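Heads up: the structure comes next, in structure tokens.
Every read-out reported here was derived from the displayed coordinates using simple, explicitly stated rules and does not represent laboratory data. Since the model is a prediction, treat every value here as computed from it, not as a measurement. Neighbour counts are summed over all protein chains in view; Cβ atoms, including those assigned to glycine, are modelled from backbone coordinates with ideal geometry.
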């Protein structure tokens with residue numbers, strides 16, 4: 001028994017050593033082949049691995065009205081891909097940024113971040129998390145779940161960014177204040193933004209059931225620095241209301257950038273303008289948003305496949321050198337109501 005305990009302790013210490021030695025491949029990954037050469041291995045390290053997904057509070061709605069709860073590790077396995085776009089292989093490398101929508105608040109975001117750390121053999125806290133609202137008020141009823149208990153898990157919704165502290169640093173002053181989405185109240189006339197208002201009190205639903213629904217549409221952004229090179233990286237997460245599908249609204253009388261319902265807050269725009277690599281992940285609840293919608297900020301949209309049922313309503317915009325993807329930057333096996341998008345950015 002004592003020998004087994006010593007063996008287990010030795011294995012654990014070895015895992016920690018591998019996880020903390022700079023330049024050591026992450027656990028569960030395959031070192032670069034010697035035949036490819038040292039230069040290729042170094043080049044492979046100069047990649048920022050970014051994902052975007054509405055994780056739907058880790059609860060999936062099924063077609064029969066039931067819902068299924070998904071664990072954080074299972075969800076992560078379903079979205080993280082290797083260079084060939086495959087999930088669950090030894091070539092999957094620890095991501096740098098996860099842009100997420102529909103998390104319950106700080107508690108769920110930090111737990112999810114720690115599950116990501118554990119997946120690659122890193123200690124808790126290796127992945128950091130910021131959210132727009134730490135503990136948003138609940139809203140709605142069953143959220144289309146026949147089980148009230150599972151529906152309750154989806155009542156609190158906010159948006160967040162999770163990042164790898166091994167590769168990225170974040171200064172306290174480089175997080176934007178949240179900004180609100182726009183919407184058109186039912187029954188209000190619409191004409192290229194006319195009738196649009198901000199989705200926040202006193203303009204949100206008067207019904208107390210949905211009064212706090214606007215908090216799920218509060219966006220947040222941050223500006224990171226790549227530790228190895230000093231390169232600045234902007235990342236933002238947004239979740240626009242369902243009303244944006246029919247009528248693009250970004251604020252008072254504003255249809256948004258290129259009539260998409262998308263807009264960036266003033267603080268976020270300042271962070272973006274000071275960044276070399278720029279990333280925006282959105283559940284826009286709207287189809288037909290063109291890849292060039294954010295071209296004014298130097299960004300291009302990636303992925304054209306449907307992300308929610310037969311509709312594409314999720315978007316990933318990037319300014320940077322994004323590697324090609326054989327799966328159109330869209331992960332088909334995502335364990336969520338929404339398919340994940342990803343971009344591997346060379347720098």
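In square nanometres and to one decimal, what's the mean projected area of the convex hull around the Cα atoms of the range 237-323?
Its average projected convex-hull area is 5.8 nm².
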How far is helix 2-20 tilted off the main Cα axis of the chain, in degrees rounded to 10, range 0 to 90? 60
Inter-site label distance for residue 141 and residue 66 at 7 Å from Cα along Cβ, in nm: 2.2
If you take every DSSP beta bridge fully contained in the range 42-346, what fraction is antiparallel? Give it as a percent rounded to 5. 80
Assign one of three labels to the range 53-111, namely rounded, prolate or oblate, based on the Cα gyration tensor with a ≥ b ≥ c the square roots of its eigenvalues; rounded applies when a/c is under 1.5, prolate when it is not and a/b is larger than b/c, and oblate otherwise. oblate
Of the convex hull enclosing the alpha-carbon atoms of the range 80-196, the direction-averaged projected area in nm² is 11.4
Normalised by the number of residues in the chain, what is the relative contact order in percent for Cα pairs under 8 Å and 6+ residues apart? 18
The range 141-288: C-alpha gyration tensor shape, a/c 1.5 cut-off, then a/b vs b/c: oblate
Cα axis of helix 106-119 to longest principal axis of the chain: angle in degrees, 0 to 90, nearest 10? 30
Which of rounded, prolate or oblate describes the chain when judged by the alpha-carbon gyration tensor and an a/c cut-off of 1.5? prolate
Name the residue, out of 248, 258, 221, whose mean-square fluctuation peaks in a Gaussian network model built on the chain with Cα pairs under 10 Å. 258
Show me 121-127, 262-268 ranked by packing, highest mean number of other Cβ atoms within 10 Å first. 262-268, 121-127
For the range 286-330, taking Cα atoms only, what is the radius of gyration to one decimal and the Dmax to the nearest whole Å? 10.7, 30
Quick check: Cα centre of the range 195-257 to Cα centre of the range 107-138, how many Å? 21
How high is the relative contact order of the range 187-330, in percent, with contacts defined as C-alpha pairs under 8 Å that are six or more residues apart? 21
